[in-house]
Amino acid sequence: MQKPVFPTIDRQCRPPAPGWPRSRAPLNLVWHHVFPFALLCDIWNALVLGAAQSQEADAFLALRRYMAVCGRELGDIDRWADRARRGNLTVAEADMLASRAVWQPWNIVEGPAAHLRSDDFGDDYIDRFTHGITRAEYQRMLTIEGIFNSVSGLPLGPNPPLPSLRRIGEAFQLARPSLAPVLQPIFFRPGMWVQGPDARWKKRRSGEQFIPG
């Protein structure tokens, strides 16, 4: 009998990012997560394991609601969510779902590499931008921050409690109208950044300032 293959993620083995085009700039650019990568991993693992371990419909619903903001190209979300909770996946399919789970375009901003930044929060805290973005992008930042405030601090782990799964599912369901339509990350814009006297970059923080778009 084939061993179940679940699309869980090891924090130390970050899934590869999608093949988004790179901006041209005279510095090393990387993809930054707005909602922290580490917490996304914990949430995704809790949803997959919770749905696999629980007979409660709400556990499956929470997983489905999260997957609904992981890219419209997935197609039949119910089918993928059901296969994910059963571990009925090939290794390639599990890798694909894991990648989508933590590389949603609505959550990504292209900017200077971590070693070139003086304000990189790493994988554990929200990295919200306010300057040099459109009003729609700013509203997206507020939506992401709302999710973060709603779900950070929830007990998760390998045996996540059902109330935590419900809370996560509800937070992403409320955010879906704002997040699901987004198809591309925010690409590098020099106006979003400022270079300090140490030649390192940081987010421009001179108040909220929007560009057309």
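Taking the listed residues Gly213, Gly196, Gly157, Gly191, the one that is touching a residue at least 40 places away in the same chain (Cβ under 8 Å) and open to solvent by less than 30 Å² (accessible area, probe 1.4 Å) is Gly196, with no other qualifying. Scanning region 17-41 for residues that are closer than 18 Å to Leu154 by Cβ and either touching a His at 6+ places or on another chain (Cβ under 6 Å) or surrounded by 18 or more Cβ atoms within 10 Å (Cβ to Cβ) (or both) gives Phe35, Pro36, Phe37, Leu39, Leu40, Cys41. Whenever a residue of region 107-135 is farther than 19 Å from Phe148 by Cα and charged (D, E, K, R), its partners that are open to solvent by 20 Å² or more (accessible area, probe 1.4 Å) and part of a loop (DSSP other than H, G, I, E, B), lying with C-beta atoms within less than 7 angstrom and at least six residues away or across chains, give the pairs Glu110/Ser23; Glu110/Phe187; Glu110/Phe188; Arg117/Arg200. Within region 42-51, being out of contact with any Ser or Thr (no Cβ under 6 Å at 6 or more places or on another chain) and open to solvent by less than 20 Å² (accessible area, probe 1.4 Å) holds for Ile43, Trp44, Ala46, Leu47, Gly50, Ala51.
Can you say whether Ser118 is in contact with a Gly (Cβ under 9 Å, 6 or more places away or on another chain) and either polar (S, T, N, Q) or at pLDDT below 95 (or both), as far as the supplied structure shows? For Ser118, the condition - in contact with a Gly (Cβ under 9 Å, 6 or more places away or on another chain) and either polar (S, T, N, Q) or at pLDDT below 95 (or both) - is met.
Might you let me know whether region 138-156 holds any residue that is aliphatic (A, V, I, L, M), within 19 Å of Arg11 (Cα to Cα) and under 16 Å from the mean Cα position of the chain (by Cα)? Don't jump to the end; show me each part of the working.
Here is the first cut: in region 138-156, the residues aliphatic (A, V, I, L, M) are 141-142, 144, 147, 151, 154, 156.
With the extra rule that they be within 19 Å of Arg11 (Cα to Cα), the set shrinks to 151, 154, 156.
If we keep only those that are under 16 Å from the mean Cα position of the chain (by Cα) too, we end up with 151.
Checking region 138-156: at least one residue is aliphatic (A, V, I, L, M), within 19 Å of Arg11 (Cα to Cα) and under 16 Å from the mean Cα position of the chain (by Cα).
Restricting region 107-134 to residues that are hydrophobic (A, V, I, L, M, F, W, C) and more than 17 Å from Arg189 (Cβ to Cβ) leaves a set whose member that is nearest to the chain's Cα centre (by Cα) is Ile126.
Residue under question is Glu93, and the condition is that it be within 30 Å of Gln2 (Cα to Cα), without any contact (Cβ under 8 Å) to a residue 12 or more places away in the chain and among the charged types (D, E, K, R); does it hold? So Glu93 fails the test. All conditions in (1) modelled with pLDDT under 95; (2) surrounded by 18 or more Cβ atoms within 10 Å (Cβ to Cβ) hold for Arg72, with the sole exception of (2). Only a single item in (1) open to solvent by 50 Å² or more (accessible area, probe 1.4 Å); (2) under 28 Å from Gly19 (Cα atoms) is not met by Glu208, and it is number (2). Residues that are surrounded by 15 or more Cβ atoms within 10 Å (Cβ to Cβ), of a type outside the set (D, E, K, R) and at positive phi do not occur anywhere in region 141-150. Across region 98-128, the qualifying residues are those that are in contact with a Phe, Trp or Tyr (Cβ under 7 Å, 6 or more places away or on another chain) and either more than 30 Å from Pro26 (Cα to Cα) or acidic (Asp, Glu) (or both), and the one among them that is most open to solvent (accessible area, probe 1.4 Å) is Asp123.
Only a single criterion out of (1) open to solvent by less than 30 Å² (accessible area, probe 1.4 Å); (2) under 19 Å from Arg14 (Cα atoms) is not satisfied by Gly169, namely (2). Number of residues in region 81-97 that are of a type in the set (A, V, I, L, M, F, W, C) and open to solvent by 30 Å² or more (accessible area, probe 1.4 Å) equals 3.
The values are calculated or read from the model by the stated rules, or taken from the named source; none is laboratory data. Bear in mind the structure is a predicted one, so any value in this text is a computation, not a measurement. As a convention, Cβ positions derive from the backbone with ideal geometry for all residues, glycine included, and neighbour counts pool all protein chains shown. Just the protein is used for accessible areas: all its heavy atoms, side chains included, with ligands, DNA and RNA removed. Shrake-Rupley method; radii C 1.70, N 1.55, O 1.52, S 1.80 Å.
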